[in-house]
Amino acid sequence: MEGIKGIHHVTAITSSAEKNYEFFTFVLGMRLVKKTVNQDDIQTYHLFFADDEGAAGTDMTFFDFPGIPKGSHGTDEIYRTAFRVPDDAALEYWLKRFAKYGVKNKGIKDVFGRKTIPFTDFDDQQYMLISDEGNEGVAPGTPWQNGPVPLEFAITGLGPLHIRVSRFEPFKEVIEEVMGMREIAQDGSLHLFEFGEGGNGARVIVEYNAVLPSGRQGFGTVHHAAFRVSDTDVLKDWIRHMQQSGFRTSGYVDRFFFESLYARVAPGILFEWATDGPGFMGDEPYETVGERLSLPPFLEPERQRIEQLVRPIDTVRSTRTIEKEYL
């Protein structure tokens, strides 16, 4: 059976699709490649921010469930999402950018030999920039060409997931024996796992933490994380493998933009396996991707009702000139 190739996407929950769009577009400089709805809850926006081409492994997505309370961070949660930047020099630029836009951060920190900047958004969602300097393994994506961040400093994809668990050994057994990850380093309570080609795009940091209470899902927290598989055949192999390993799964799910499998692998930890294709560029022109409400074919007949349920958000960027901000 072909193994997991890397991180595919991370899906989190926001209190405001509008603020989320502004933050990711004009502060982080990531490209909105799809404005759609949660396929299981059509009154809820689902926004996809990625690289210039919407490539698998570059994608952070958000739900804005109406009326959901604020979440709380703790153990047994996917705690922090990382974004790759080209090198250490890029982090110096980001310190200035965060100062300009008032983004809370902890300065440059060393994590398993990589320079990073932990930071948060308006919801206390936890993020980290990570330098690709000296990195090997999964290739980075392509920075958003028309975004506000100079290309030599811009975000190019997803970095290591940071997951907290209250029971380390059972979780380690699942991700090593069932999912094929391998532990490559340890620093106190932090354990670094790698899979596929390795590198920043194929790593998970697991923190053993039996002190904090369990995290509570709500806005400001991660909903699930997805891992890349090549195609439908490989996905179906994984469906059989996870079911034979004793996990209850979603079975095959067609999300139109990719095909999926979901399984809860530990308390509070929902993983998805997602195919690299078809991708986000098939139903909209490159120049205007993410500007209109995109619906998969099975929801298109309900467009009129859906457009009445979700408030309009102006995401048009193709008519604007967004200047590169050298700081």
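Each value in this text was obtained by applying a stated rule to the coordinates, not by laboratory testing. All values derive from a computational prediction rather than experimental measurement. Backbone-built Cβ (ideal geometry, glycine too); neighbour counts: all protein chains shown.
For this structure, a couple of remarks:
- Residue check for PRO118: in a strand (DSSP E or B) and either of a type in the set (Gly, Ala, Ser) or surrounded by fewer than 22 Cβ atoms within 10 Å (Cβ to Cβ) (or both): yes
Residues are listed down the side, and each one gets a yes or a no for (1) in contact (Cβ under 8 Å) with a residue 24 or more places away in the chain; (2) under 19 Å from ILE4 (Cβ atoms); (3) touching a helix residue (DSSP H, G or I) at 6+ places or on another chain (Cβ under 8 Å); (4) crowded, with 19+ Cβ neighbours inside 10 Å:
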| position | (1), (2), (3), (4) |
| --- | --- |
| PHE227 | yes, yes, no, yes |
| ARG240 | no, yes, no, no |
| GLY246 | no, yes, no, no |
| ILE269 | yes, yes, yes, yes |
| GLU287 | yes, no, no, no |
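- Tally of residues being surrounded by 21 or more Cβ atoms within 10 Å (Cβ to Cβ) and over 23 Å from ALA274 (Cβ atoms) across segment 72-90: 3
- Some residue of segment 244-254 being farther than 22 Å from LEU158 by Cα and β-branched (Val, Ile, Thr): yes
- Strands (runs of 3 or more DSSP E) fully within segment 169-223 counting 2 or more residues that are under 16 Å from the mean Cα position of the chain (by Cα): 203-208
- Residues located in segment 71-104, provided they are assigned to a helix (DSSP H, G or I) and of a type in the set (A, V, I, L, M): ALA89, ALA90, LEU91, LEU95, ALA99
- Sole residue being at negative phi and either in a loop (DSSP other than H, G, I, E, B) or among the β-branched types (Val, Ile, Thr) (or both), chosen from GLY141, GLY107: GLY141
- Among all residues of segment 8-18, there is at least one that is surrounded by 24 or more Cβ atoms within 10 Å (Cβ to Cβ), among the hydrophobic types (A, V, I, L, M, F, W, C) and touching a residue at least 40 places away in the same chain (Cβ under 8 Å).
- Checking ILE155, ILE130 one by one, the residue that is under 20 Å from the mean Cα position of the chain (by Cα), crowded, with 17+ Cβ neighbours inside 10 Å and in a strand (DSSP E or B) is ILE130 and no other.
- Exclusive hit being touching a strand residue (DSSP E or B) at 6+ places or on another chain (Cβ under 7 Å), under 21 Å from PRO160 (Cβ atoms) and assigned to a strand (DSSP E or B), set THR36, THR44, THR61: THR61
- Taken together, the residues in segment 19-43 that are free of Cβ contacts under 8 Å to residues at least 40 places away in the same chain, over 21 Å from ARG228 (Cα atoms) and over 15 Å from the mean Cα position of the chain (by Cα) amount to 3.
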